[in-house]
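Bear in mind that the values in this text are calculations on the coordinates, not laboratory data. Just so it is clear, the structure is predicted and the values come from calculations on it, not from any experiment. All Cβ positions, even for glycine, are placed from backbone atoms using ideal geometry, and neighbour counts span all protein chains on display.
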Amino acid sequence: MSTRLNLTVLFSSIFFLSSNTFAVGKPVSQEKIKRSIEKGARFLYQNQNATGWWSDSGLPALTGLALVALKMADATKLDAKYVSERRRAYDYLTSLAKPDGSIHDGRLINYNTACSLMALSMANETRYRPLIEKARAYIAASQIDLGEKGKQDNANDGGVGYNDKYDHSDMNNTLMAIEAMRMSESALRQRDQGKQPLKHDLDWKALEHFLANCQNLPERSDNPNLSNQPEDRGGFIYHPGESKAGEVVDEETKRAALRSYGSISYAGMMSFAYARVGKDDDRVRAVIDWLGKNYTLSENPGMGQEGLYYYFHLMSKALRAQGVKTLKGPDAESIDWKNELAAKLISLQDKDGSWRNSNKRWMEGDPNLTTSYVLVALSLLAN
């Protein structure tokens, strides 16, 4: 069984997709997508540091994301050629593992641990099991619970921040943490056939509490910062007290309310998938509706060019995860998002096989990171 098929099975165990989710016979051929993937994978392999890491030796997350992207790309001939390079990358990640289970070099502890855990979980190597279990324990313990323990009495409860001492959660770190927990859960259960109970896990109900405080559905939350404006309804904000897209004065209450934006709304949609909340749920329908009304491949809605490739990356993952075949666009038209996204990504690929954003916010000026984002997106479009 090929790596790509194995990964499709892994994602299927996490998500709600089926093999019949998407129709066949699309204008962008599978062969064209696969050629683009191979070019991107070759770029990543050729731009790895000789000691194993990509881009920054102090940010193992970047190496973890590259390894995940290469695993999903399943470029068989390249993988066979660069076996020792991948081994050095895994050795680099394990060299940063700490006694408490975290994996980092002193900063962005949860983010680095989560991305490293994803890579180790997809390595399919028994020797990483102790590291995987310890990293899971660390992330589970980092889930925020302010105020009275065990009670969701703070808007940030249930989410994850940049480290275990952080005073608020945010959607990006939360998504990375829960993605790492689901992927590692799948890896552990695949290895022992589900016979051993998981030693450490998140409080998934508490997670839903946090998501409610970040989704612009004010009737579902006590968070006073949520917007009740029609143009924001259903979308997500970065954390209960901030939106990277800014704020708008609520016409009814005269209070400043936080605006929804594209990439983080897909992060919310993806988080629901990991929490086993499907597309028939009102909360998921609401975010799908917002994303359809704000659909574009020219920008990250609400953010312009900032975070554009993360937006593409999460679009592919979230819509695939929730089994969304078409989106209803701004004019109620049916959008074949899968074909349109594939065509857009291929058109943006540089001659050297990479992708990069001219807007460098959130490290998207780093072609290793943006190429990793796109390889995951295209790999899901190629299945």
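General remarks:
- Placing pseudo-labels 7 Å out from each Cα toward the beta carbon at K32 and D281 gives an inter-label distance of 3.6 nm.
- Cα gyration tensor category, rounded, prolate or oblate, for the chain with a/c compared to 1.5: oblate
- Full extension of the chain between R189 and T326 yields a length gain of 46.1 nm, computed as 0.36 nm times the residue separation minus the alpha carbon distance.
- On full extension, the segment bounded by A137 and D350 gains 72.6 nm, given 0.36 nm per residue less the C-alpha separation.
- By the rule of a C-alpha distance below 12 Å, with chain neighbours fewer than 8 residues away ignored, the aspartates and glutamates paired with K279 are D289.
- Kyte-Doolittle mean at least -0.5 and Cα axial length at least 15 Å: DSSP H helices in the chain: 3-14, 60-73, 109-122, 129-142, 262-274, 282-293, 308-321, 337-348, 367-381
- Added length on full extension, which subtracts the Cα-Cα distance from 0.36 nm per residue, S334 to S358: 5.6 nm
- Comparing N339, P367, G329 along the charge dipole axis of the stretch 326-381, the residue lying farthest to the positive side is P367, per the Cβ-charge model.
- For the pair Q229 and K98, label points projected 7 Å from Cα toward Cβ lie 4.0 nm apart.
- In this label model, E219 and E299 are separated by 3.1 nm, measuring between points 7 Å along each Cα→Cβ vector.
- Set of lysines near K134 by C-alpha distance (under 29 Å), chain-local residues within fewer than 8 positions excluded: K71, K98, K149, K151, K165, K195, K199, K205, K317
- For the pair E242 and T76, a Förster radius of 45 Å applied to the C-beta separation gives a FRET efficiency near 0.55, rounded to the nearest 0.05.
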